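What follows is a set of notes on a single structure, which appears directly below.
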Amino acid sequence: MIRNPVLPGCHPDPSILRVGDDYYLATSTFEWYPGVRVHHSRDLVNWRPLGGILTDRRLLDLSGVPDSGGVWAPDLTYADGLFHLVYGVMDNYAFGFKDIANYLITAPSVEGPWSDPVPLAGRGFDAALFHDEDRTYLLSMVFDSRPGHGFGGIELRPLDGGEPRMILGNRHVTEGPHLYRVGGWYYLMVAEGGTGYDHGITVLRARTLEGPYEPDPAGPMLTSRHDPDLELQKAGHGCLVQTRDGNWYVSHLAARPYGRRGRCVLGRETAIQGVEWVDGWPRVAGGVPAVEVAVPALPPHPWPASDPGWSTLRRPASPDWLKEQNGSMTIRGGQSPYGLRSPSLAGRPVTAKRCRFASTVVFETDSVHQSAGITAYYNSRNWYHLALTADGLVLTGSDRGVRTVHFTAEPASRLGVEFDGPALRFTCDGRTIPAELDATVLSDENADEIADGQVRAFGFTGAFVGLWVQDLAGEGCQATFHDITYDAL
């Protein structure tokens, strides 16, 4: 059985692909390196991490991108012996504008080497390729920045040049397009309703590539919007895949809130549903996401346990500031929590409502500009940091940019944090710090900031845990972290 989510924690906007007997899932990574993380499976049940595709600034520059900006909705396809990756880099999404650049890279293997990025024409985000029998096309939603406009529909243009055509007008925040040709029909799959609790997947079809496209009369292929008691909420942004023996599945994002339509600390995760063709339409049973899904035709293929690897914030891991050796990590300090260019933070997504993270920290300082420790982190404005400082051990939190000192003590060496649903607790040398904190500060909903109808900040990533060193005066401090552990409970 597939047990959803198949990729827990921050793994949204999944693009699924089969090449031979191998399945690949590529997901959004936003302001974190490496960009576009990929997972590999042979049975759609067991997935192993392959790391990220965009590993350096040749392929991706995240310097200065806003929180939940950066890499949005990658599209991974395969044609003519090459993997094709289309990805967008969002430099700004606020105040009615979307400053995004879309790129295409190719490689003979999903593990590279990848070509230099080729800029793509287009007016919006969620760009994807459609490889037709004789030509490849670029799809994307169109964003209109004029006041009172916004989402403009879905555009199709030949990749090798030619005039773009609007093949679908905006219906209800229409985005995330994918095209498929099956049985003499062109099927257009789109995400609609926004990426929150009204999210969903709609399928439309046409006899010709340029339409007109008519929606499935049965309604959305998949949504949670009508049932707040479903375990998987916010279901949407889908991508189809067919097995060798003709069975169909759809990958999609979903979320597991704390409480009924509550806050989502784990962010948007990847799930997979079975698809049946009914009256010429691809449909999910009941139109709602299931936690368990049967995989009748694929033999089990588990993988040996493997480390998912670290993500680094806004700059790629490089020896000038981060070194790993024998399970330990040495980090040279970087910018303040609100700096958007060179922070020194290595993190991992929180993947379970109950989990623990800990590390032994070796660090001494007498400078008020330096600190090193562990963090429970959402973005530059929402985080907790238990750190060794010139004032001893200090636990600080930031809630939408408002900082609060929650605890101070003498220095300690073993620092830890535990998520227990909406409660968050830190530890030092095995003792629980007497400050029970609100884990939902680290949620998509708390990170969203919309004022007077204008978007100021989005929350798309879910919570992370990690190692964080700050050196605000550039004095050259570094900290070493030993015996780093993360356990989902």
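Read the figures in this text as sums done on the coordinates, not as results from a lab. Because the structure is a prediction, the values reported are computed rather than measured. With ideal geometry, Cβ positions are generated from the backbone for all residues, glycine too; neighbour counts draw on all protein chains shown.
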Query - Among 289-298, 381-390, 255-264, 1-10, the order from most to least packed when residues are scored by Cβ within 10 Å on average - result: 381-390, 1-10, 255-264, 289-298
**Report entry** Order of 356, 244 under a 10 Å beta carbon neighbour criterion, fewest first
**Finding:** 244, 356
Report task. Along Cα→Cβ, 7 Å out, is where each label goes; now give me the distance between the ones at residue 328 and residue 48 in nm to one decimal. Result -> 2.9 nm
Requested in this report: Hey, for a label at residue 166 modelled as a point 7 Å past Cα toward Cβ, could you say which residues of the stretch 216-242 have their backbone N under 13 Å away?
Outcome: none
Requested in this report: Name all residues of the stretch 393-423 having a backbone nitrogen under 19 Å from the label point set 7 Å from the Cα of residue 472 along its Cα→Cβ direction, giving them as ranges.
Outcome: 393-409
Query raised in the report: At what distance in nm do the modelled label points of residue 182 and residue 432 sit from each other, each positioned 7 Å from its Cα along Cα→Cβ?
Result: 5.0 nm
Report summary line: The farthest towards the positive end of the charge dipole of the chain, of the residues 63, 105, 240, given +1 on Cβ of Lys and Arg and -1 on Cβ of Asp and Glu, is 240
Report summary line: Taking R0 as 45 Å and r as the Cβ-Cβ distance between residue 451 and residue 57, the FRET efficiency 1/(1 + (r/R0)^6), rounded to the nearest 0.05, comes to 0.85
Requested in this report: Sort the stretch 2-293 into rounded, prolate or oblate with this rule: let a ≥ b ≥ c be the square roots of the eigenvalues of the Cα gyration tensor; rounded if a/c is under 1.5, and if a/c is not under 1.5, prolate when a/b is larger than b/c, oblate otherwise.
Outcome: rounded
Query raised in the report: How many angstrom separate the Cα center of the stretch 29-63 from the Cα center of the stretch 151-166?
Result: 27 Å
Query raised in the report: How much length is gained if the chain between residue 306 and residue 22 is pulled fully straight, taking 0.36 nm per residue apart and subtracting their Cα-Cα distance, in nm to one decimal?
Result: 100.5 nm
Query raised in the report: Hey, rough spin-label estimate for residue 403 and residue 245, points 7 angstrom out along Cα→Cβ, what's it come to in nanometres?
Result: 6.0 nm
Report summary line: At R0 = 56 Å the Cβ-Cβ FRET efficiency linking residue 336 and residue 146, nearest 0.05, sits at 0.95
